[in-house]
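Novice: So that we are looking at the same thing, I have put the structure below in structure tokens.
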Amino acid sequence: MSTLVDFSQPSFWISAASILFNPTFWNIAASQEYHNKVITKLFGGNPRLGCYALAVTIFSLGIFRDYLYSEALAAQPSHPFLEQPPIHLSAIPLFLTGNILVLTSMYALGVTGTYLGDYFGILMDAPVTSFPFNVSAAPMYHGSTLSFLATAIWKGKPAGFVLTALVAAAYSVARRWEDPFTDMIYAKRERERKEGKKGL
Ligand SMILES: *[C@@H]1O[C@H](CO)[C@@H](O)[C@H](O)[C@H]1NC(C)=O
């Protein structure tokens, strides 16, 4: 019996490390910004510039992670089950759905909303509830995970499922930090708005 996943490939572990590194990095960066204004200070006291720099960094890390994933899959065995046309082709709607979720949520949130602007004190007027946020609580994460899954299926690599599961786990841990923070920061502003009104 041939192996499903070749764990002896260094590229597999490099991809796994980058999948875990990315959300860890941006949560540490965002928390340093929130508590110590580290990024804002780095950009001459301009939070918007700091947020754009973080956006470019996170975006580039994402591209690099996708590249490492693709390199990792290239070194892995394929499985004939995944190469059957109906399975292979199911990757297309999955990939499209994933990309629609990611791109429409970026469009709805804008750059600062997508890339942790709330940690910089850059808040939206109101939390976004329109599409795709009415179909998924975390469309960016769900969409990204779907794209990883679609790639694994399209390339017929069982190892891709393992790495996709790691992506899902990493995002789920990240959300445990991010969701309560976002709720807290908007609740805080709501209190401040109410107090502001009272003062008038
Ligand atoms: C979400 O919003 C879109 C467009 O605003 C709408 O077409 C769709 O029916 C909504 N979906 C749900 C589940 O509410």
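The values are calculated or read from the model by the stated rules, or taken from the named source; none is laboratory data. Source: prediction; values computed, not measured. FYI the Cβ positions are ideal-geometry reconstructions off the backbone, even for glycines, and counts take in every protein chain you see. Just the protein is used for accessible areas: all its heavy atoms, side chains included, with ligands, DNA and RNA removed. Shrake-Rupley method; radii C 1.70, N 1.55, O 1.52, S 1.80 Å.
Novice: Have a look at Phe12, Phe120, Phe131 and tell me which one the Gaussian network model of the chain (Cα, springs below 10 Å) gives the largest fluctuation.
Specialist: For the chain, modelled as a Gaussian network with Cα springs under 10 Å, the answer is Phe131.
Novice: Compute the accessible area per residue over segment 10-198, keeping the other protein chains in place, probe 1.4 Å, unit Å².
Specialist: 54 Å²
Novice: Where q = 0.15 Å⁻¹, what log10 of I(q)/I(0) comes from the Debye formula for segment 83-200, counting one point per Cα?
Specialist: -0.75
Novice: Give the total of Lys-Lys pairs in the chain with Cα-Cα distances below 30 Å; include a pair only if its members are 8 or more places apart or on different chains.
Specialist: Here the count comes out as 7.
Novice: Identify which of Ala138, Ala168, Ala126 has the largest mean-square fluctuation in a Gaussian network model of the chain, with springs joining Cα atoms closer than 10 Å.
Specialist: So, out of Ala138, Ala168, Ala126, the one fluctuating most is Ala126.
Novice: Give me the percent of accessible area attributable to carbon and sulfur for the chain, probe 1.4 angstrom.
Specialist: Summing carbon and sulfur atoms, their accessible area is 69 percent of the total for the chain.
Novice: Something else now. Give me log10 I(q)/I(0) at q = 0.17, 0.19 Å⁻¹ for the chain, Debye formula, one equal scatterer per alpha-carbon, no solvent.
Specialist: -1.16, -1.34
Novice: Could you order the peptides 96-107, 176-187 from most to least packed, using the average number of other C-beta atoms within 10 Å per residue?
Specialist: Sorting 96-107, 176-187 by mean packing, highest first, produces 96-107, 176-187.
Novice: Here's something else I'd like to know. Would you list the P(r) distribution for segment 56-98, with all Cα-Cα distances sorted into 10 Å bins from 0 and each bin expressed as a whole %?
Specialist: Over segment 56-98, the share of Cα pairs per 10 Å bin runs 23, 36, 33, 8 percent.
Novice: Given Pro86, Tyr119, Ser144, which one lies farthest toward the positive end of the charge dipole of segment 10-198, if we put +1 on the Cβ of every Lys and Arg and -1 on the Cβ of every Asp and Glu?
Specialist: Of the options given, the answer is Tyr119.
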